[in-house]
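Peer 1: One structure coming up, written as structure tokens, with questions to follow.
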């Protein structure tokens, strides 16, 4: 599985578990409009650390959270590479 | 068997908690800078018993940057972490006016920064699992005050604030976060008290005695067990009635 497909499937799983309705997951979708709340993102980061083996928010000194789905994926791809 | 991490578990209250949890069937990782004769004896005594397991893991809790890898390794080795007991701490005494800044900083680092960051990495796994228990060791000094313990008191009050807000954050995910506020317990930390001071504290308490490390361990086991499922954001005082 690619990093992208892992992230997309984890987003869908967290949304289903937390009973959130997701907007269509396009790269330019703002995370704020995705339907996930801050707690969902915290769960997502924890799950992705297990699935991908990295936590870019700890690994990098850059602490700015990505704004869009595309940026989030690129953020992980960059660290995983 | 659920995994529980207990910090500062080589002696005193931490050791009592680790021992109690292992005998209650948990798989306990006792974290400290280095092991102790008492911990090694407890590990040896537990071997071959039907109950849980007890093992030592070395970690200097002042080394904040080592924490992400420590937690990752613990999960790799043992699987999901169900419980975390933030017990490690120091009780440096000193009048604020003359306490070296380096001591103030070291105390806050070990009593606050360290458990908060460790909890950050452990609670993530709990969030991914949708279950977990965090127990923070506070103190009655957080709410009562004691001469020469102002910095210590501040650090212990901070753990209560941390406990309550974190309980709000993660409650929806089935994770409880509580604090225990022990009174004066006879451990190395309180060795600075002389017999007269000890007697005075005991005489002032409702039960005319001091609570013991085992009493704190029982409370921790209660909060971590199924018995604690509907308790979160709470501060459980165990002080033989010192503050009654």
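Peer 1: Go through chain A and tell me which helices (runs of 4 or more DSSP H), entirely inside it, have 2 or more residues that are touching a helix residue (DSSP H, G or I) at 6+ places or on another chain (Cβ under 7 Å) and more than 13 Å from chain B (Cβ to nearest Cβ).
Peer 2: Where helices (runs of 4 or more DSSP H) fall fully within chain A and carry at least 2 residues being touching a helix residue (DSSP H, G or I) at 6+ places or on another chain (Cβ under 7 Å) and more than 13 Å from chain B (Cβ to nearest Cβ), they are A:3-17, A:69-80.
Peer 1: Suppose the filter is more than 14 Å from chain A (Cβ to nearest Cβ) and closer than 30 Å to residue A:45 by Cα; does residue B:101 pass it?
Peer 2: Answer is no for this residue.
Peer 1: State yes or no: is residue B:45 in a helix (DSSP H, G or I) and at pLDDT below 95?
Peer 2: On the way: in a helix (DSSP H, G or I): yes; at pLDDT below 95: yes.
Yes.
Peer 1: Could I ask something else about it? Is the stretch B:86-100 home to any residue that is within 19 Å of residue B:232 (Cβ to Cβ) and either free of Cβ contacts under 8 Å to residues at least 12 places away in the same chain or touching a helix residue (DSSP H, G or I) at 6+ places or on another chain (Cβ under 7 Å) (or both)? Before you say what the answer is, go through the steps one by one.
Peer 2: Start the filter on the stretch B:86-100 by keeping residues that are within 19 Å of residue B:232 (Cβ to Cβ), which leaves B:86-87.
Within this subset, residues satisfying the condition of being either free of Cβ contacts under 8 Å to residues at least 12 places away in the same chain or touching a helix residue (DSSP H, G or I) at 6+ places or on another chain (Cβ under 7 Å) (or both) are B:86-87.
Scanning the stretch B:86-100 turns up at least one residue that is within 19 Å of residue B:232 (Cβ to Cβ) and either free of Cβ contacts under 8 Å to residues at least 12 places away in the same chain or touching a helix residue (DSSP H, G or I) at 6+ places or on another chain (Cβ under 7 Å) (or both).
Peer 1: Hey, another quick one. Looking at the structure I just gave you, is residue B:230 at pLDDT 95 or above, in contact with a strand residue (DSSP E or B) (Cβ under 8 Å, 6 or more places away or on another chain) and on the phi < 0 side of the Ramachandran plot? Step through it out loud before you land on a result.
Peer 2: On the way: at pLDDT 95 or above: yes; in contact with a strand residue (DSSP E or B) (Cβ under 8 Å, 6 or more places away or on another chain): no; on the phi < 0 side of the Ramachandran plot: yes.
No.
Peer 1: With the requirement that a residue be over 21 Å from residue B:182 (Cα atoms), under 15 Å from the mean Cα position of the chain (by Cα) and free of Cβ contacts under 8 Å to residues at least 40 places away in the same chain, what does the stretch B:17-32 give you?
Peer 2: B:28
Peer 1: Only one residue in B:196, B:220, B:167 is under 21 Å from residue B:18 (Cβ atoms) and in a helix (DSSP H, G or I), so which one is that?
Peer 2: B:220 is the lone residue from the list that is under 21 Å from residue B:18 (Cβ atoms) and in a helix (DSSP H, G or I).
Peer 1: Same structure again: Would you point out which residue out of B:157, B:128 is within 14 Å of another protein chain (Cβ to nearest Cβ) and assigned to a helix (DSSP H, G or I)?
Peer 2: B:128
The values are calculated or read from the model by the stated rules, or taken from the named source; none is laboratory data. Quick caveat, the model's predicted, so the values are computed rather than measured. Neighbour counts are summed over all protein chains in view; Cβ atoms, including those assigned to glycine, are modelled from backbone coordinates with ideal geometry.
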